[in-house]
Protein chains: 2
Amino acid sequence: MTNNDRTIQTIRQMFDAQSIAVVGASADPSKYGFMTLDCIIKGGFQGKIYPINPRGGEILGLQAYTSLMELPEVPDVAVILVPVQVVPQVIRDAGKKGIPGVVITTAGYREVGRDDLQQELIAVARENNVRIIGPNIEGFIYMPNKLNAQFFPVIENQGPFATISQSGSLTNGLAEWADKEQLGISATINLGNQVDICESDFMEFLAEDDAVKAMGLYLEGVKNGRRFLQALQRVTPQKPVVILKSGRSSAGEKSVASHTASLAGTHKVFHAACRQYGAIPVDNLQDLYDYGKLLSTMEIPQGNRLLILSSSGGIGVIAVDEAETLGIDVPALPQAFVDEIKALNLSPLGSYTNPIDLAAIWAHEFREVALVADKHDVADVFLINFGDPIVGGGEMIIELKKQIKASIAISYMGGAQDEAMDRPRMNRAGVPVFSTPERAVKAIAAAMEYGNFQRKTADEQSGSPAVPISSCDHTACDDKANSACEALQGTQMDALPADAPTNETEKDAETADFLLEPQAVDLIEKYQIPYPPHYFSNNLDELTTAADGMGYPVVLKVVSRDVVHKSDSGGVSVNIENAQALETQYEAMKSRIKAVHPHAVIEGMLVCHQAKEGVELIVGAMDDPVFGPTLMVGMGGIFAEIMQDTAFRVAPLTPAHAREMLMELKGYPLLTGARGMAPCDVDAVVDLIMNLSCLVMENPDIKELDLNPVRVYEKGVLALDARIMR
Amino acid sequence: MTNNDRTIQTIRQMFDAQSIAVVGASADPSKYGFMTLDCIIKGGFQGKIYPINPRGGEILGLQAYTSLMELPEVPDVAVILVPVQVVPQVIRDAGKKGIPGVVITTAGYREVGRDDLQQELIAVARENNVRIIGPNIEGFIYMPNKLNAQFFPVIENQGPFATISQSGSLTNGLAEWADKEQLGISATINLGNQVDICESDFMEFLAEDDAVKAMGLYLEGVKNGRRFLQALQRVTPQKPVVILKSGRSSAGEKSVASHTASLAGTHKVFHAACRQYGAIPVDNLQDLYDYGKLLSTMEIPQGNRLLILSSSGGIGVIAVDEAETLGIDVPALPQAFVDEIKALNLSPLGSYTNPIDLAAIWAHEFREVALVADKHDVADVFLINFGDPIVGGGEMIIELKKQIKASIAISYMGGAQDEAMDRPRMNRAGVPVFSTPERAVKAIAAAMEYGNFQRKTADEQSGSPAVPISSCDHTACDDKANSACEALQGTQMDALPADAPTNETEKDAETADFLLEPQAVDLIEKYQIPYPPHYFSNNLDELTTAADGMGYPVVLKVVSRDVVHKSDSGGVSVNIENAQALETQYEAMKSRIKAVHPHAVIEGMLVCHQAKEGVELIVGAMDDPVFGPTLMVGMGGIFAEIMQDTAFRVAPLTPAHAREMLMELKGYPLLTGARGMAPCDVDAVVDLIMNLSCLVMENPDIKELDLNPVRVYEKGVLALDARIMR
């Protein structure tokens, strides 16, 4: 049994508890120790409940014990609500008693700067072999066991949606919404400071729980980025995971740090990593709920075609607006379908293009049209928009769901009592109901995207194995990347001059932040990343001979660890047409550098064959604080900078990931032949990205790497500059 | 009294009716004629209600009359629910009886292709002097008169929000939401086919109604674009107008056309026009409601500073994420404030940076912190995030609102019964409550933007007069534009050769779609839009003399109405360095053109001084089908095309509009000195846009105009190509 398996087993024991202790139970209704006990009782928990209070007596009609040690049996879980100073003793008692896990609601640890207390807590728990949920949380709710082990709220309806959250209030809100409209929840889990059991453990636990169809996470950071991605990789092919991560804005990140002191990764990287591993990132709480609701109820769509069927034109029009904005296919309807509908003699005011406007509020018309549409397989999802009361609509839809192949979602505008009655009824029956067409469409789009991911993953799994997240797996790279990796075993690239001071520069590089460009070029070339013919030397004659050999025009660049911004210091000279111009530039550059940086040590000059014009990209890598080696690609120059046209993926990549990165760019059409230009060699860019992925996985000391620009041609690519910081 | 005033007076009479006739009233509960009568009665209308039904008798306890003619008095309004064929006779009766206006719910007109019936309706109404709301609508609700004159729903709560909508179901949904959470509504008005009274009339009516604080519109098109903008110009300085217009996507536009057959303008232009005239465009129904709710209750903020005050950290963090994304100022809190808060001895777990995390659910802590924050004037709006039940929170907030200067909005996550009780209570008291922090923040951002607009408008109105929408007002242009307009009075620009075949080309232009480039240049130069020195001729010697005069390099362009895409046909030659090269190119171009277009008539060649490099824009104009002359500016080349980096305004503009257009561009930093470049002459671009505004207002036959590229320099601008289609 792995550590993961053991953790999941412990969570299972805590959640399926037959007995629970409430340490710090209180008879004072204003205390969390009262509220928690009250919720456990009101929630209908069927096992034994043991209040623990040093004064003993009776609390809420239950016999109270003065300590865990006194209990007549070993409870499966203890909820701890005592002051922070008392917690370690309770953990020791729990350990002695043999309680497998505790839920610590107590706050006052790292989140208020008391890392010392948190470290003590961790040490005591390890020593006593007690697993911890929390601290600094409201608790958890696990509906299959009717266990409301937190101080608020009492949930009545079990349902297919589960939440995991670093904030109690937020998930309580979601749980209450789900309860109120009878979607229900299966579990709501608070994370707090996550000193032990973390979000990844809970995801894996919920993935194996049949009561859960989809999960929603609210995160302020993740405990271990690679562990998190591994969990996603296991969970997302089985169940949808929707994630809201705060810290989108800079001010948001600041307050995350002050709130849970978690390490918050860059937002854009976080979203990209989630998508890469099949999770569905969202930007607000409502989407978290809406997507979770739809994904836990509606069948995952088999394709991206949407039929919109409405009681009135307006609702259909705003639904199709949203659908088209999100790239959903709203197909035209086949004539055979239209003919069959017309034979039904429905309202003469109806319109039978997609979106269909029934111009009627009669449930039977919706049913008849939906049945014909399903027969003609016009779409994968039917969005049925009720407007004004549709009498009998709920019952009709629940029956319809059993009769048709397409997935169904509902939006219900207005409808008074009929809506109030039918909305929970439909939710309970697995047909998600939304307040507006746009909210329904957004959630449907997420489900379609998830369906695409599931199918793609299933295809891939029947073929090559998944990419391991924590190390570079050569078999996952394509042939070119493979040979790049093999190149590492010893071969020096020809372009590196034999007399280059290799040993010396390697030694220097260990202490320097930035590699000298010849070293950087050496490294990328080992990974088959193409760079123009070049030669490094501090001898003009050698440079001239090399330039004559590679052919003019050439570019001359200064090589000095004291000159970080070469261009700004006059350290780059282009369009050098002949040997004489090279000499002139060589001397002029030396003077310019001396003028700007009088004490700069010039290691030499790099002469490169000048590459021809092409579409420019920037390709880079960085050591993300959360996820480690991460790749970036952007449209060159002002696009990446001014337009923020960039895409990220966590290394190692698959070629599919690399291609998706490129396709994500708004400027992608420039690579495929926009404005009458010839299409570029996208395959070569994919190779370059794969090779870079290999490079950063095998060189974990690299902090930042820029290939800027990378020129893309009709055939091939060239990195024109390499900047590597360790 | 103007026509507008008369229309508003008629609406007032209909809405404030003392008596109403329901033509087509029915005793059958499945008929709209029953449902409407039932709603009027249940809504609590205090005036006389006259059911009209050819069979007479009694309906819903009221005496029915067989026709309008039989009524014992002249009702102030009649609702018409009879079949489409019968409507004209009812209108004639209404006219004879002297009823000022009718509400026609009957459908089956233009929206189903029966334009003939619609024209007949209009003619009969004009002839009989009867004003029409509709047809093809559900009706209207006017709460100050307790008049629910539509077949669904019955609204109980009067409130400050009013809606105007082309879709009944959509506004019924909004009205029910408002009713349910006791925001209430003042009016809900259906538009339908708008054969007579239109959205602009209703906006102007509601602007004068003290019961209305903000209005929300759902539109599928507007009847008259300029009239609509005039209405906005009158209404928005007084009251906020939030607008959802469908037809965002191409498929959306298609279904709009088939649904109401309104003319739907380009979405981007519509949004720009709304903003230009102070309305607040939104993209979905929920925003329409949320913004309307907040703007009709909360005091319009005096600035853009937001304080976020929450019971838990998570809620605050997602609120600040949204705020920063929307560009709201979330200021740091002054030390004096923090010191005073610390003296209050609140929860030791609280954090008093912005967002403030009280780490507590006690109403008095919120009050105390808010009072101190207001005393220190830390922000213009306080967003108070309740999480879990805040006992007594509603009452506390209602009192707090009276005590502080800052505007207040609430988000309430979870909270069970407390939330259910306090949400309507706070809404009713003018403190808007939202389900999530992000929804609250989005609405607050809209209110801040509206506040900025109101202050700017107030400033402007104290200065120069507003721009008239329907004609070019020279006094509104700056001096440069003025002189451009004066140039029209006769002066020919020097650059136009005296021997150019002016009369002939002008005559030709009347029949041609595109102006020849020399004509186009002539026109823009009349409006002071700078173009490089140039000369048009079909004589090589003349061209050479001109080129010698203007200095090399020059550009040579073919001038032929048969060659539309000059560059593609080899009709443009650049970098011509001397007279000999000019001759070579002149002959080569003639041959190339002949090869591609054997029958092309070449009018001559245009030789231009070649402009130096610069930042490139595209500036254009078009005759928008809804709003008429409309200007566009975009970043040059691939930016406008691939990145869709464009901005629109309806002509005529103010210089402030022109500047805003530029600032809207994502690429704007390129004009202000990004990447170490010198800043460009933005003032010169503003002048150019103003001059173009003048040009299109005075030349309404222009359908499309492109200046592409426009080069912007450190000093000055140049249009390098002018393409004008009439």
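The values are calculated or read from the model by the stated rules, or taken from the named source; none is laboratory data. Here the structure is a predicted model, which is why all the values come from computation and not from measurement. Here the Cβ positions follow ideal geometry from the backbone for every residue, glycine too, while neighbour counts run over all protein chains shown. Remember, those area values only see protein heavy atoms, side chains included, never the ligands or the DNA or RNA. Shrake-Rupley method; radii C 1.70, N 1.55, O 1.52, S 1.80 Å.
Laid out as a table, the results:
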| quantity | calculated |
| --- | --- |
| Full-extension gain in nm, B:ASP459 to B:ILE41, via 0.36 nm per residue minus C-alpha separation | 145.7 nm |
| Inter-centroid distance (Cα atoms) of segment A:33-89 relative to segment A:652-726, Å | 59 |
| At 7 Å out from Cα toward Cβ: A:GLN302 inter-copy label distances (nm, ascending) | 6.3 |
| Label point distance in nm, B:GLU714-B:GLU156, each placed 7 Å from Cα along Cα→Cβ | 7.2 |
| Two-decimal Rg to Rh for segment A:296-412 - Kirkwood Rh, Cα set | 0.92 |
| Estimated distance in nm for a label pair at B:HIS599 and B:LYS402, the labels positioned 7 Å out from Cα along Cα-to-Cβ | 8.6 |
| In order through segment A:128-136: 3J(HN,Hα) via Karplus (6.51 cos²θ - 1.76 cosθ + 1.60), integer Hz, x for Gly, Pro | 9, 6, 10, 8, 10, 9, x, x, 6 |
| Overall dimensions of segment B:566-647 as given by Cα atoms, namely Rg and Dmax in Å | 17.4, 52 |
| Chain B residue with Cβ closest to the axis mapping B onto A, distance in whole Å | B:MET643, 3 |
| Share antiparallel - DSSP beta bridges, the protein assembly as shown, percent rounded to 5 | 50 |
| Distance (nanometres) between label positions extended 7 Å along Cα→Cβ at A:LEU62 and B:ASN452 | 5.5 |
| Computed FRET value (nearest 0.05) for B:MET69 with B:ALA27, which takes r as the C-beta separation and R₀ as 22 Å | 0.55 |
| Shielding by partners - mean other protein chain Cβ count within 10 Å, residues of A:407-414 | 3 |
| Computed accessible area, A:ARG114, all protein chains, 1.4 angstrom probe, square angstrom | 100 |
| For peptides A:86-96, A:385-395, sequence by mean Cβ density within 10 Å, most packed first | A:385-395, A:86-96 |
| Cα centroid separation - segment A:285-360 against segment A:162-192, whole Å | 30 |
| Phi-based couplings in Hz for segment B:294-300 (Karplus 6.51, -1.76, 1.60; Gly and Pro marked x) | 5, 6, 8, 10, 5, 4, 4 |
| 7 Å along Cα→Cβ, label-point gaps from A:GLU583 to other copies, nm, shortest first | 4.1 |
| Gyration tensor (alpha-carbon) shape descriptor, segment A:600-647, a/c threshold 1.5 | oblate |
| Cut-off 19 Å, label 7 Å out along Cα→Cβ of A:VAL574, residues of segment A:591-607 by amide N | A:606-607 |
| DSSP bridge pairs, chain A: antiparallel proportion in percent, nearest 5 | 50 |
| Global geometry of chain B, whether rounded, prolate or oblate, following the gyration tensor of its Cα atoms and the 1.5 cut on a/c | oblate |
| Highest to lowest packing among A:317-330, A:620-633, scored as the average C-beta count within 10 Å | A:317-330, A:620-633 |
| Equivalent ellipsoid dimensions for segment A:15-166 as semi-axes, Å, which come from the Cα gyration tensor, largest first | 22, 19, 15 |
| Candidates per trypsin sites (Lys or Arg not before Pro) in segment A:13-91, loop by DSSP, up to 12 other Cβ within 10 Å | A:ARG55 |
| Amide proton proximity set for B:ILE243, modelled H, under 5 Å, gap of 5+ | B:LEU217, B:ILE280, B:VAL282 |
| Cut-off 19 Å, label 7 Å out along Cα→Cβ of B:GLU583, residues of segment B:526-550 by amide N | B:537-550 |
| Heavy-atom accessible surface of the protein assembly as shown: percent carbon and sulfur, 1.4 Å | 50 |
| About the Cα centre, charge dipole magnitude for chain A (Lys/Arg +1, Asp/Glu -1 at Cβ), debye | 1800 |
| Copies compared at B:LEU540 - label distances in nm, ascending, label defined 7 Å from Cα in the Cβ direction | 4.8 |
| Dipole in debye (nearest 20) - the protein assembly as shown, about Cα centre, beta carbon charges: Lys, Arg +1; Asp, Glu -1 | 3500 |
| Accessible solvent surface per residue of chain A, calculated while the other protein chains remain in place, 1.4 angstrom probe, Å² | 37 |
| Placed amide H near B:ARG131: partners under 5 Å, 5+ positions off or other chain | B:GLY101, B:VAL102 |
| 5 angstrom amide H check on B:SER186, placed H, neighbours 5+ away | B:GLY159, B:PHE161, B:ALA162 |
| Cα convex hull volume per residue for segment B:547-599 (Å³) | 69 |
| Segment A:344-395, Rg to Rh (Cα coordinates; Rh as Kirkwood inverse mean 1/r) | 0.93 |
| The protein assembly as shown - Rg and Dmax from Cα coordinates, angstrom | 36.0, 115 |
| Cβ neighbours within 10 Å from other chains - mean over A:161-169 | 4 |
| Within straight-line cross-link reach of A:LYS342, aspartates and glutamates at Cα separation under 20 Å, skipping those fewer than 8 residues along the same chain | A:ASP357, A:GLU365, A:GLU368, A:ASP374, A:ASP377, B:GLU111 |
| Other protein chain Cβ atoms within 10 Å, averaged over every residue that makes up A:284-292 | 4 |
| Listed residues A:VAL717, A:GLY173, A:MET69: farthest to the positive end of the dipole of chain A (Cβ charges) | A:MET69 |
| Dipole magnitude of segment B:139-221 about its Cα centre (Cβ charges: Lys, Arg +1; Asp, Glu -1), debye to nearest 20 | 240 |
| Value of relative contact order over chain A, rounded to a whole percent, pairs C-alpha under 8 Å and six or more apart | 8 |
| Modelled FRET efficiency - R0 56 Å, B:HIS364 with A:ASP548, Cβ distances, 0.05 increments | 0.10 |
